[in-house]
Amino acid sequence: MNQTIPSHLRQFVAEQHYHSYTPIDHAVWRYVMRQIHHFLEDTAHEAFTEGLKASGINIHEIPKVSDMNRHLAKIGWGAAIVDGLIPGTAFFDFQAHGILPIATDIRQKSNIEYTPAPDILHEAAGHAPILFDETYSRFVKIIGNIGANAFATEEEHEAFEATRHLSIVMEDPCSTEKEIKDAKQVLIEKQEAVSGLSEAEQISRIFWWTVEFGLIGDFHQPKIFGAGLLSSVGESKHCLSSEVNKRPFSIEDAIHTSYDVTSMQTQLFVCESFEQLIEEVEKFGETMAFRKGGTEAIDKAIHSNQLAHIEYNSGLQVTGIFREVIKNEHGEAIYVKTVGPTSLSIQNEQLDHHGTDHHADGFGAPIGILQDGTILENQTEADLRKLGIEMNKMMQITFDGGMEVSGHVTNLVFHHHHLVLISIEECMVTLGEHVLFHPSWGTYDLAVGSEIVSARPHAADYDAFFGDTPLIEEKDGRSHDLTPLDSLFREVRELREVAFSRDLIHSIVGRLKDDFPEEWLLRLEIIELLQIHEPGSQLKEELLKDLYALSKQDRFARLIQNGLDVIYGRKGVMV
């Protein structure tokens, strides 16, 4: 799949070390998938239930992403393996390109109902099937494109890192209670430092309340379509109950409703249709910096304190970390500055001799028309000569914002007959008594454009700006020795898939009772086998008594009840 993944996203691509999954991992997958198939047949949107069959996902074992790729290719999608949480812009950009990012780790059995960390159950079982609906697929690509171009603030970037760290800690079986508590506290502190609603936060909330936790259709009897609900055994059962407040979906309401990734939702939105989502998200996109431009777009780039690029109406693009903007008395930007390596591009292709090596220490550029009303980018070479702008000649111009530029013209760069850049030696740029550029600083490249039409949170020409970017460091993909409990799960799986043996099942149960008195999931798997092969056996009754005793503990009660409901074909009310 790597050859079809845009180069700027390849740094996030990892590998699926399939042989590293343990028998317990496969049992966790099987338990959740059987719950999904059994309980969601009547409550999930038909696009999901139909797509679940079309996606080729196996109920009984964790899927290989390469197999998923072949099935998704039929609808013009693909899948890319990513290593856990990735930056929001990258996550959305994969989907904008029709690529489903899949984290291939699988949740611990202790988090079998819900985990805040991305895992293959959530990605493969939750997101992939419903993509086979054409309208929904279009919605995901649209929201992906908007999210890929959404600015976050510096504080939000720090909160993301704290969220990523917490998800890693919570899924690590070696983490101590103190480490989890400390990670949660850091996240709280970082989240409290975030103020206002950035573009990234707004689109994140829209995505959360639709793609992740959305309900659809009849307000009083909605269907589930959000992947977070579909892939969570506990949440999918809880979400349609009266305990969860339902609200009609609107973009404005979703934007102003925060969410908690660490616990089940207490309220959800019900949309009318996928067409409604497309219409409302498209309208929202028109308010964003990448489509609206202007001074507000520059401010968003500055507040992100991350690499970004702005685009002039002439077509010139400036990539860098934007640090300062000078505004006129009306609050409109008239000059913008970057710090550190900067590059200039046209149509996402870097201009020759205008890479980061040439603009290593930042870049300053005016915005606006000249004092006499002239729009520089619309001038022909003949027009420019009348203005005193000519190759190998001295020039002097004054912008409407008050900036004066003078010096010796050494180059004029045009694109589609529009002037985009003037290179000037011995250049002085001033605004009143403030010197913006001094002749001793070298050649000044005057960006030409009367307005900023777009700003986006990434480089205009990624390859040229970064060169070859290494792939992310791979985790240890070696297989590990099986634990005694893993060995028991493997033996039961072989009994189910190869041949049932009464003697072996009694041996397994004996070891299970002696060594793992609180192992509920393997008891369920054995009861399932006995229900098929020896439904009236005493051994099955003994295991049911074990589960009954375990179910008196709150942490096991719902898991055991739901597992038995699947075995005995009881639909009932999901608990």
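Scanning residues 5 or more positions from residue 79 or on other chains, those with amide H under 5 Å from its amide H are 100, with H placed 1.01 Å from N in the peptide plane. The ellipsoid equivalent to the alpha-carbon distribution of the stretch 1-93 has semi-axes of 25, 18, 13 angstrom, derived from the gyration tensor eigenvalues as √(5λ) and listed largest first. Across the stretch 328-360, the residues whose backbone nitrogen lies under 13 Å from the label position 7 Å along the beta-carbon direction of residue 154 are 339. Taking each DSSP H run with n ≥ 4 as -39500 (n - 2.57) and averaging over every residue of the chain yields -11500 deg cm²/dmol at 222 nm. Which residues in the stretch 253-278 have a backbone N closer than 15 Å to a point placed 7 Å from the Cα of residue 191 along the Cα-to-Cβ line? Only 257-267 pass the distance filter.
One entry in [x] 0.98; [y] 0.96; [z] 1.09 is Rg/Rh (Cα atoms, Kirkwood Rh) calculated from the shown coordinates; its label is [z].
Please report the orientation-averaged projected area of the stretch 179-258, defined via the convex hull of its C-alpha atoms, in nm².
6.6 nm²
If the chain linking residue 516 and residue 372 were pulled fully straight, counting 0.36 nm for each residue of separation and taking away their Cα-Cα distance, it would gain 43.3 nm.
Under 5 Å from the amide H of residue 152 lie the amide H atoms of 200, each residue being 5 or more positions distant or on a separate chain, with H modelled from the backbone and absent for Pro and chain starts. Separation of the stretch 101-167 and the stretch 344-392, taken as the distance between their Cα centroids, equals 41 angstrom.
3J(HN,Hα) couplings calculated from phi for the stretch 87-104 with the Karplus curve 6.51 cos²θ - 1.76 cosθ + 1.60 (θ = phi - 60°) are, in sequence order, x, x, 4, 5, 4, 5, 5, 3, 6, 4, 8, x, 10, 8, x, 10, 7, 8 Hz; Gly and Pro show x. Spin-label model, residue 393 to residue 361: label points 7 Å out along the Cα-to-beta-carbon direction sit 3.1 nm apart.
Pairs spanning more than 31 Å between alpha-carbon atoms, out of 64/109; 292/393; 184/237: 292/393. Here residue 246 is the anchor, and the aspartates and glutamates within straight C-alpha reach of less than 15 Å, apart from those fewer than 8 places off in the same chain, are 218, 235, 272. Extending 7 Å from the Cα toward the beta-carbon at both residue 218 and residue 110 defines two label points whose distance is 4.3 nm.
Every number in this text was worked out from the coordinates using simple rules, so none of it is lab data. Please read all numbers here as calculations on a predicted model, not as lab measurements. So basically every Cβ, Gly included, is an ideal-geometry build from the backbone, and we count neighbours across all protein chains shown.
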